[in-house]
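Undergrad: Next up is a structure, given as structure tokens.
The values are calculated or read from the model by the stated rules, or taken from the named source; none is laboratory data. Just so it is clear, the model here is predicted, and its values are computed rather than measured. No Cβ is skipped: glycine too gets one built from the backbone with ideal geometry, and neighbour counts run over all protein chains shown.
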Amino acid sequence: THPRYAKMNTSLYAALHLVRLSLSIVKYVRKRLTVRLTLFSFALLPRNCDATHRVAPTRSCSKYVTLVFMRGLLKRTLDFTATFFGIILLMPIFALLSLLITLDSPGGVLFRQWRVGRGGRLFRVYKFRTMVTGARFLGGGITSSGDPRITALGQRLRRWKLDELPNLLNVLLGEMSLVGPRPELPEFIALLTDEERSILRVPPGMTGLAQLKFIHEDESLTISAATLDYREQLLSKVRLDLQYVERAGAGYDIVIIFRTLFRLVFPSNDIP
């Protein structure tokens with residue numbers, strides 16, 4: 001064989017081998033992705049799709065899986081896009097608040113605490129520090145109106161919910177969503193029934209139906225009965241969170257985000 005043709009045959013063989021390898025990789029990745037998406041969707045199946053359906057779902061449940069996945073995909077796209085650009089735009093405010101917190105009282109800028117996320121998984125939620133250093137050793141885990149552990153600057157940050165801006169980092173990491181049930185402490189999740197724990201089917205959120213109703217819950221709690229009052233509020237919040245879980249989606253999230261902004265700007269007005 002002529003050396004020129006031999007070289008062409010070798011190049012052609014190498015190209016075909018590369019194409020076959022690429023197709024194998026794509027097929028493998030697609031298979032793994034399908035399995036992951038299927039497991040994710042099955043975890044959100046409604047109660048009328050029993051355990052058998054979760055293994056081999058019926059046509060109706062399969063349609064529901066597809067719908068849930070698409071709604072979840074749109075919701076995550078909204079979360080990631082809004083959060084990514086939001087963090088960039090809010091960088092000056094992050095820097096200013098960090099400086100003010102440092103000057104206001106000794107201690108770190110960020111507060112970190114374990115919360116329960118989707119599927120019962122634990123994650124660390126990030127907030128701006130609004131209390132004195134070592135506050136957990138000076139009282140319980142629940143804050144109330146007039147709590148002496150809250151700093152002067154912390155009162156203002158809590159009033160305007162600016163202390164929760166670092167939650168955007170949790171949203172960017174996929175641990176939280178812009179809208180969803182409020183992430184609770186493990187000890188309070190342990191008080192819920194199996195049906196009430198359905199709120200763990202979706203990611204916890206920075207705002208939501210429950211957060212709107214109890215937007216200034218610290219002011220409604222008294223120091224003497226903070227834990228008891230909070231447990232009563234928890235049950236009320238769970239009922240609202242269950243309503244949200246049934247309608248969770250990007251469109252509904254946008255409505256709740258605008259309602260939250262309206263409530264923050266006009267705190268004395270009823271939510272439209």
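Undergrad: Given the options 96, 37, name the one that is at pLDDT 65 or above and in a helix (DSSP H, G or I). So that I can check it myself, show each step before the final result.
TA: Details: 37 fails: at pLDDT 65 or above.
When all the criteria are applied, what remains is 96.
Undergrad: Confirm whether residue 155 is part of a helix (DSSP H, G or I), polar (S, T, N, Q) and without any contact (Cβ under 8 Å) to a residue 40 or more places away in the chain.
TA: On the way: part of a helix (DSSP H, G or I): yes; polar (S, T, N, Q): yes; without any contact (Cβ under 8 Å) to a residue 40 or more places away in the chain: yes.
When the stated conditions are applied, residue 155 passes them.
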